[in-house]
Amino acid sequence: MAYLRVSERLCIGCAACVPTCPFGALEMAEGLARVNERCTDCGACLESCPVEALVLDRPEVAAGVNLEDYRGVWVAVELQSKRPAPVSLELLGKGRELADELEVPLSALLLGDGVERLAERLFSHGADVVHLAEHRLLGRYSTDAFVEAAAQVIERHRPEIILFGATANGRDWAGALATRLHTGLTADCTELAIDRENRRLLQTRPAFGGNIMATIITPNHRPQMATVRSKVFLPRPMPGHQGQLVRDEAALSEAELKAVLKRFIAAEPEVNIADAQVIVAGGRGVGRPENFRLVRELAEALG
């Protein structure tokens, strides 16, 4: 349902608004501008109307949701090979900056089975609090178990911002969790900032094939959630930094989960190019397959 509407009383049929819509959601019919089903309520057209005939009726905050009840910046920690994924440590670095801007604690959400020992590493990368939820069903990632456990902890503590790594598991986890929490999610952000006046997270990401950069906000719902790709931000180690470990209960039952991971077959170890500082690649320009020897020799020379 589009919240944008055209006031028939004010519209003069000038069509000035039609070319301003990036989605082609405005068209002329019977001498007046009309909104079609492609409208996304982005508001890009509003200033184009000389008589202010375009009105965007944004929905009010849902009943019972008090934005003032939500405080704190959280990073959802993803585990790889039984240790925090590099992107999670990078997000703690950015999260530290955002938390300081908002003058709130930075927390890490750590789910797993027998992972309490990892809390010290999270403290040493800036976390003030580690919310730890352990359960045998959290031993390896599965959508149902991680969404249910995270939702229980989040609904208990109500953070205003949660950041996820834009990995395969991170995207899956964040998307399903945002649906469960009835809030918004911005994927693949390349920049994060704070609007201090409204305590809003400004989430910037490429749009329209990278032709523009869009800054997205979540004005009426909490928590504000975003995924960020690896290497967008840098980790900020803080040796000696101490924090508080909070043990949170995760009430999980196999009978209530739609899917339960029974067996995990690890793939053969491979080079993870996401962790590489330099990548040497060759294409069809090398001419013949045997010429890739030169590419390999260059890679070996660069270490």
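The values are calculated or read from the model by the stated rules, or taken from the named source; none is laboratory data. What you are looking at is a predicted structure, and each value in this text was computed from that prediction instead of being measured. Positions of Cβ are generated from backbone atoms using ideal geometry, with glycine treated the same way; all protein chains shown enter the neighbour counts.
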Does ALA207 meet the test of being in contact with a strand residue (DSSP E or B) (Cβ under 7 Å, 6 or more places away or on another chain), more than 24 Å from TYR70 (Cβ to Cβ) and small (Gly, Ala, Ser)?
yes
Restricting to region 268-286, count the residues that are modelled with pLDDT under 75 and farther than 23 Å from LEU89 by Cβ.
1
Consider GLY243 against the criteria (1) out of contact with any Phe, Trp or Tyr (no Cβ under 6 Å at 6 or more places or on another chain); (2) within 30 Å of ASP113 (Cα to Cα); (3) assigned by TED's automatic domain parsing to the domain that holds ALA168: it satisfies all of them except one. Which criterion is unmet?
(1)
Testing GLU68 on (1) under 21 Å from ALA214 (Cα atoms); (2) without any contact (Cβ under 8 Å) to a residue 24 or more places away in the chain, one condition comes back false. Which one is that?
(1)
May I ask you to verify whether LEU245 is surrounded by 13 or more Cβ atoms within 10 Å (Cβ to Cβ) and at pLDDT below 85?
no
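Run down CYS14, CYS21 and say which single residue is hydrophobic (A, V, I, L, M, F, W, C), out of contact with any strand residue (DSSP E or B) (no Cβ under 6 Å at 6 or more places or on another chain), surrounded by 13 or more Cβ atoms within 10 Å (Cβ to Cβ) and modelled with pLDDT of 95 or more.
Going through CYS14, CYS21 in turn, just one is hydrophobic (A, V, I, L, M, F, W, C), out of contact with any strand residue (DSSP E or B) (no Cβ under 6 Å at 6 or more places or on another chain), surrounded by 13 or more Cβ atoms within 10 Å (Cβ to Cβ) and modelled with pLDDT of 95 or more: CYS14.
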Got a sec? Which strands (runs of 3 or more DSSP E) wholly within region 189-303 have at least 3 residues that are within 30 Å of ALA44 (Cα to Cα)?
191-195, 200-207, 212-216, 224-228
Can you name every residue in region 152-175 that is in a helix (DSSP H, G or I) and either within 22 Å of ARG71 (Cα to Cα) or among the acidic types (Asp, Glu) (or both)?
GLN152, VAL153, ILE154, GLU155, ARG156, HIS157, ASP172, TRP173, ALA174, GLY175
Counted residues, region 44-58 - those being in a loop (DSSP other than H, G, I, E, B) and under 15 Å from SER7 (Cα atoms):
7
Quick check on this structure: which one of ALA251, ALA193 is at pLDDT 90 or above, assigned by TED's automatic domain parsing to the domain that holds SER142 and surrounded by fewer than 12 Cβ atoms within 10 Å (Cβ to Cβ)?
ALA251
